[in-house]
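Right, one structure below, let's go through it.
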Amino acid sequence: MTPTTSQARLLAGVLFLVLLGLWEWLVRQSGVSALVLPAPSAIAQALWQGLQSGYFWPHMVATVQALLAGLVLGALVGLLVGMALAESALLDRVFKPYVVVSQVVPKLALAPLFVLWFGFGLLPTVLITALICFFPLMENTLTGLRQVDAQRLQLFRMLGATRLQTLLRLKIPSGLPAILAGLRVASVLALVGVVVAEFMGASHGLGAVIIAAQGMMDTTLMFAALVLVAALGLLLYQCCLLLERRLLRSHAASSAPSHAGPASRSH
């Protein structure tokens, strides 16, 4: 029997509680120092105190600002570049190697250079995040636009559709699942980019909190900041899933009633 969504969520919650209980029991029984591995109860207390005192809120705001700005910038550029490469084989052959090289270079190695070039603050964090988000959107857009059904593409050509009409009315709607899948991947990687950038030179943000806690040898505070990072990542991922469902549902509803060709709809 296939479990329902509520049953799956219940099982996931039970598993989470079991793992936390096992973690708490192992820490208490082994007597391991909190410097090495704090108990979940200690992490929850540090998290609550940080939220109640207002310590975490400015850092969360800084991380969310950089996260959203970098994700929007990287996703927009990745979408546009992916469409350009999909529409032009020449551009694909010329620029694709440079795009790949920009991704294989470790971002942790680029972070100090970005700080040197653009200074401390929000800008280098946003740029590193955008660079990380760029490739999933570009690659998925390129793949999605090139996997259009050949018969439908031929039909559009027979009806006299322009390249722009074919792109907007056939290729992008057909490649929408792949594009949105790339957005989901980019949203997760965006948070990684923000935290990595904040490690290198930010004075605000959850990544800066983790580095400061490491310097103070406060492992409990470090874990509390990591919990907030994980919570932000899960929230952003769920938002992307919600956006994906709505866009795919609206696209299916709009394309179902009409089967008219692009040329006839353009008049």
Any pair with Cβ under 6 angstrom, 6 or more apart, that starts in the stretch 146-163 at a residue that is at positive phi and ends at one that is surrounded by 11 or more Cβ atoms within 10 Å (Cβ to Cβ): 160/263
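Rundown of residues vs (1) of a type in the set (Gly, Ala, Ser); (2) farther than 18 Å from residue 191 by Cα, yes/no style:
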residue	(1), (2)
57	no, no
73	no, no
91	no, yes
111	yes, no
131	no, no
Residue list for the stretch 25-39, restricted to those being more than 31 Å from the chain's Cα centre (by Cα), surrounded by 11 or more Cβ atoms within 10 Å (Cβ to Cβ) and modelled with pLDDT of 80 or more: 25, 26, 27, 28
Contacts under 8 angstrom Cβ, first residue in the stretch 24-37 being outside any helix (DSSP H, G or I), partner surrounded by fewer than 11 Cβ atoms within 10 Å (Cβ to Cβ), 6 or more apart: 35/217
Cβ-Cβ under 8 Å pairs, at least 6 apart or on other chains, the stretch 119-145 side crowded, with 24+ Cβ neighbours inside 10 Å, far side of a type outside the set (Asp, Glu) and not in a helix (DSSP H, G or I): 125/202; 125/205
Some residue of the stretch 29-37 being of a type outside the set (Gly, Ala, Ser) and in contact with a Leu (Cβ under 6 Å, 6 or more places away or on another chain): no
Subset of the stretch 155-176 (residues that are of a type in the set (Lys, Arg) and surrounded by fewer than 14 Cβ atoms within 10 Å (Cβ to Cβ)): 157, 163
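Table: residues versus (1) in contact with a helix residue (DSSP H, G or I) (Cβ under 6 Å, 6 or more places away or on another chain); (2) in contact (Cβ under 8 Å) with a residue 40 or more places away in the chain; (3) among the hydrophobic types (A, V, I, L, M, F, W, C).
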| residue | (1), (2), (3) |
| --- | --- |
| 186 | yes, yes, yes |
| 193 | yes, yes, no |
| 204 | yes, yes, no |
| 207 | yes, yes, no |
| 215 | no, no, no |
| 244 | yes, yes, no |
Criterion: modelled with pLDDT under 90 and either farther than 18 Å from residue 231 by Cα or surrounded by 13 or more Cβ atoms within 10 Å (Cβ to Cβ) (or both) - qualifying residue of 7, 65: 7
Test set (1) of a type in the set (A, V, I, L, M); (2) loosely packed, with under 15 Cβ neighbours inside 10 Å; (3) touching a Ser or Thr at 6+ places or on another chain (Cβ under 7 Å) - residue 148 fails condition number: (2)
Spans of helices (runs of 4 or more DSSP H) in the stretch 126-207 with at least 3 residues at pLDDT 85 or above: 172-201
Number of the exception - residue 217 against (1) assigned to a helix (DSSP H, G or I); (2) at pLDDT below 90: (1)
Residue tally, condition in a loop (DSSP other than H, G, I, E, B) and either modelled with pLDDT of 80 or more or farther than 19 Å from residue 196 by Cβ (or both), over the stretch 73-119: 1
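The values are calculated or read from the model by the stated rules, or taken from the named source; none is laboratory data. A quick note: this is a predicted structure, and the numbers were derived from the prediction, not measured. Neighbour counts are summed over all protein chains in view; Cβ atoms, including those assigned to glycine, are modelled from backbone coordinates with ideal geometry.
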